[in-house]
Amino acid sequence: MMSALALLRRDLRLALRTPGDSATVVLFFVLTAVLFPLGVGPEPNILARIAVGVIWVTALLACLLSFDRLFQLDAEDGSLDLIALAPAPLELLVLAKCVAHWLVTGLPLIIVSPVLAIFLNLPGEGYPVLLLALAIGTPTLSLIGAIGAGLTLGARRSGVLLPLLVLPLYVPVLVFGVAAIEAAVAGLPARPHLLILGGLLALSLPLAPVATAAAIRQALE
Amino acid sequence: MDEFTGTALACVRGERLVFKDLSFRVGAGQVLALTGPNGSGKSSLLRLMAGLIRPAGGRLAWDGADIADDPDAHRARLHYLGHLDALKPTLTVTENVAFYAALRGHRDPAAVSAALAAFGLSALADLPARFLSQGQRRRTALARLLAAPAPLWLLDEPTLGLDAASLDALLAVLRRHVATGGRAVIATHAPLDVPGLAELRLGSRAP
Amino acid sequence: MHRFANPARFQRLAGAILPWSAGLTVLLSIVGLWFALVASPPDYQQSETVRIMYVHVPAAWMALFVYANLAVASAIGLVWKHPLADLAAKAMAPIGATFTGVCLITGALWGQPMWGTWWVWDARLTSVLILFFFYVGHIALTNAFDDPTRGTRAAAVLALVGVVNLPIVKFSVDWWNTLHQPASITRLDAPAIHPSMLTPLLLMALAFFGYYVTVLILRLRHEIVCRKLRALRLTQGMGAPAMVEQGGS
């Protein structure tokens, strides 16, 4: 447990020392979403119709940007050996890295998402559920992305390979994340969708670290 | 007692057989030097000893008990120093070493500063690691050995980039480790002046 | 050479099966196609287009069946470190991807006359599309490493992740489809199958299965030969006097 906390603290400290990295992700998120009105036209009704989907899809893509660094940097400088040799289950340490990843990428995305919602003319009823759905959904994105990051460690062109592996796995989060907010906008209960999102998180919380740890052990061998 | 042994070990990297039928024995207070030409499997053997690689054959045992039965306990008793220094450029020397100690469950600032002092790094303690020279980086990596206690040290070319004074510091640290019942396995080309030294020569060509 | 022993037993078994599976594939294809194209009646709703189903549906079945095979081979490769299982998984993935691709293309061909458009975001087609991406990712990961063993191991983990994830994807896509269902459209599957259609369907499915077995054996043989060649090259390399560091670091 102490090992996991030490790793979490170190990753957060590293992120704070180079704040540019997570700022880039947030900037990518905003810029990509801004391209949509330029692409489909500024018609408020059309924007309101696509707002939820655009926010979620760009959030997925922004998340992807940061994964190739999740383990790659530690693998390149040898830190990953030390982490794998720590007297704690590697699964727990992977979880700590996922938590750190979510805090430095997922959380900033949630914080700026209302700004994008304004840009895209999202109806007011959608805002609380937007934040809630992102808060439940983005940790799952971090957990699943970690699997991809572990699997592509040491691969050629890992930056291109990773989205290919991870994006199909993101489909359920996208579907239910969007469905929850659209239900709220339409005045329907968002609870069932949010519960399923929570279920996805509950499922990936134990399983994703197991798969990721297996992938990392293979990569170090 | 408390012997670290390997019996009839075989190691396969990718699809290549690196070595086979390799046996060793390191008791308390002993140092095993691994020598041999490049590609003879010194680094592979160290990674195998650390449990990073699973042996393709044979067994590793601590005090007679197979380490595969309790890998957590094995990881808890070893320090591994690889080719790479595993330093984060934006963290200070102290932070780098303290993180390692905390990762191994030890949060003792006094031990960290004593470790830095042993390798003559006290003056650099608050410097971010990106400003360090090659030798200073290696010394910082070595300081990890003292920041948290572990009976078994697995060192891959620890003397790489060290000057004469740092080499003496390393040997002094090793002698103290050995005198207190520690043991070490060291892949090196430099002669080591340490009591209880044994040598394991890895063959130039695999069968 | 050590544990990568020549899997002679597989070679003997494969040699015994191959002529039969190849012969049956040809025979069943001819008979199946004759039933599918000539001897079965057109559908009262779909008319002649229904004949695409005799390729489309078996391809969809095989796409799923091969994935199940892939998952089992991956699990065996990971747990028991059986080298043949790793190679089998590597050999299966492109075949599965091909079946998935055939399923998608025939789906589009069927959709054009039925829906008036090449692609409709039908729940089944969408799930198959994601399965296709999954296969492609698996193949890409297998081939992304300099050390082929690392590639097959990583791909095995991915295959098992897929076993957990793909049913969830299927469920979410079905859910998504009911939320966005525009009007009732003719679905890509016949609700009740008339016996006259069952004969060509089953014959074609068997033909596809025979094809799968045949190609799998051929690909596996190829992989085994490739591995032998690599091993040979490595032992020769080790005999050379000036050897430098090689193999994964």
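The values are calculated or read from the model by the stated rules, or taken from the named source; none is laboratory data. Every value quoted in this text rests on a predicted model; they were computed, and no experiment measured them. Reconstructed Cβ throughout: ideal geometry from the backbone, glycine too, with neighbour counts over all protein chains shown.
Being out of contact with any strand residue (DSSP E or B) (no Cβ under 6 Å at 6 or more places or on another chain), of a type in the set (A, V, I, L, M, F, W, C) and under 21 Å from A:V178 (Cα atoms) narrows it down to one of A:L64, A:L80, so name that one.
On the way: A:L80 fails: under 21 Å from A:V178 (Cα atoms).
Answer to the selection: A:L64.
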Checklist entry - What number of residues in the stretch A:151-162 are more than 8 Å from chain C (Cβ to nearest Cβ) and surrounded by 20 or more Cβ atoms within 10 Å (Cβ to Cβ)? => result 2
Item to check | Count - residues of the stretch B:88-113 that are at the interface with chain A (Cβ under 7 Å from one of its Cβ atoms) and within 20 Å of the chain's Cα centre (by Cα) | outcome: 7
Checklist entry - Within the stretch A:84-101, can one find any residue that is modelled with pLDDT under 95 and of a type in the set (D, E, K, R)? => result no
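Quick check, is B:A28 surrounded by fewer than 17 Cβ atoms within 10 Å (Cβ to Cβ), farther than 29 Å from B:L171 by Cα and touching a residue at least 12 places away in the same chain (Cβ under 8 Å)? Working first, answer last.
On the way: surrounded by fewer than 17 Cβ atoms within 10 Å (Cβ to Cβ): yes; farther than 29 Å from B:L171 by Cα: no; touching a residue at least 12 places away in the same chain (Cβ under 8 Å): yes.
Judged against the criteria, B:A28 is not a match.
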Item to check | Per-region count, the stretch B:3-29, residues away from every other protein chain (no Cβ under 14 Å) and at negative phi | outcome: 11
Item to check | The lone exception for A:P128 - which of (1) closer than 24 Å to A:L164 by Cβ; (2) surrounded by fewer than 17 Cβ atoms within 10 Å (Cβ to Cβ) it fails | outcome: (1)
Item to check | Per-region count, the stretch A:6-22, residues under 17 Å from A:P89 (Cβ atoms) and at the interface with another protein chain (Cβ under 8 Å from one of its Cβ atoms) | outcome: 2
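Here is a check on your reading of the model: is C:T152 assigned to a helix (DSSP H, G or I) and polar (S, T, N, Q)? Steps first, answer last, please.
Details: assigned to a helix (DSSP H, G or I): yes; polar (S, T, N, Q): yes.
Spelling it out, C:T152 is indeed assigned to a helix (DSSP H, G or I) and polar (S, T, N, Q).
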Next on the checklist: I need the full set of residues from the stretch B:133-158 which are hydroxyl-bearing (S, T, Y) and surrounded by 19 or more Cβ atoms within 10 Å (Cβ to Cβ), in order please.
Outcome noted: B:T140
Next on the checklist: Return the residues of the stretch B:35-88 that are among the basic types (K, R) and either without any contact (Cβ under 8 Å) to a residue 12 or more places away in the chain or closer than 28 Å to B:R130 by Cα (or both); say none if nothing qualifies.
Outcome noted: B:R47, B:K88
Checklist entry - What pairs can you find where one residue is in the stretch C:147-161 and more than 7 Å from every other protein chain (Cβ to nearest Cβ), the other is at pLDDT below 95 and not in a helix (DSSP H, G or I), and their Cβ atoms are less than 7 Å apart, with a gap of 6+ or different chains? => result C:G151/C:N143; C:G151/C:A144; C:G151/C:F145
Next on the checklist: So, C:G23, is that one farther than 25 Å from C:T199 by Cα, free of Cβ contacts under 8 Å to residues at least 12 places away in the same chain and surrounded by fewer than 17 Cβ atoms within 10 Å (Cβ to Cβ) or not?
Outcome noted: no
Checklist entry - Within the stretch C:78-136, how many residues turn out to be of a type in the set (K, R) and surrounded by fewer than 19 Cβ atoms within 10 Å (Cβ to Cβ)? => result 2
Next on the checklist: If I filter the stretch B:50-63 down to residues being away from every other protein chain (no Cβ under 13 Å) and more than 17 Å from the chain's Cα centre (by Cα), which single residue comes out as surrounded by the most Cβ atoms within 10 Å (Cβ to Cβ)?
Outcome noted: B:A61
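For A:G145, are the conditions met, namely being more than 17 Å from A:L60 (Cα to Cα) and either among the aromatic types (F, W, Y) or more than 10 Å from chain C (Cβ to nearest Cβ) (or both)?
On the way: more than 17 Å from A:L60 (Cα to Cα): no; either among the aromatic types (F, W, Y) or more than 10 Å from chain C (Cβ to nearest Cβ) (or both): yes.
No.
Each row is one residue, and each column tells you yes or no for (1) under 23 Å from B:K42 (Cα atoms); (2) away from chain A (no Cβ under 14 Å); (3) touching a residue at least 12 places away in the same chain (Cβ under 8 Å); (4) under 15 Å from the mean Cα position of the chain (by Cα).
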site: B:G120; (1), (2), (3), (4): no, yes, yes, no
site: B:A123; (1), (2), (3), (4): no, yes, no, no
site: B:A129; (1), (2), (3), (4): no, no, yes, no
site: B:L155; (1), (2), (3), (4): yes, no, yes, yes
site: B:A165; (1), (2), (3), (4): no, yes, yes, no
site: B:P191; (1), (2), (3), (4): yes, yes, no, no
site: B:R201; (1), (2), (3), (4): yes, yes, yes, no
Checklist outcome for this item: If we ask which residues in the stretch B:64-81 are at the interface with chain A (Cβ under 8 Å from one of its Cβ atoms) and buried (at least 21 other Cβ atoms within 10 Å of the Cβ), their number turns out to be 3
Item to check | Residue satisfying all of: in the stretch A:163-221; small (G, A, S) and not in a helix (DSSP H, G or I); nearest to the other protein chains (Cβ to nearest Cβ) among these | outcome: A:A186
Checklist outcome for this item: All conditions in (1) within 14 Å of chain B (Cβ to nearest Cβ); (2) touching a strand residue (DSSP E or B) at 6+ places or on another chain (Cβ under 9 Å) are true of C:M53 except (1)
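Would a scan of the stretch B:125-144 turn up a residue that is hydroxyl-bearing (S, T, Y) and within 22 Å of B:L52 (Cα to Cα)?
Checking the stretch B:125-144: not a single residue is hydroxyl-bearing (S, T, Y) and within 22 Å of B:L52 (Cα to Cα).
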Checklist entry - Among the residues of the stretch C:107-146, which ones are within 12 Å of another protein chain (Cβ to nearest Cβ) and either under 21 Å from A:V210 (Cβ atoms) or among the polar types (S, T, N, Q) (or both)? => result C:T126, C:S127, C:F134, C:G137, C:H138, C:L141, C:T142, C:N143
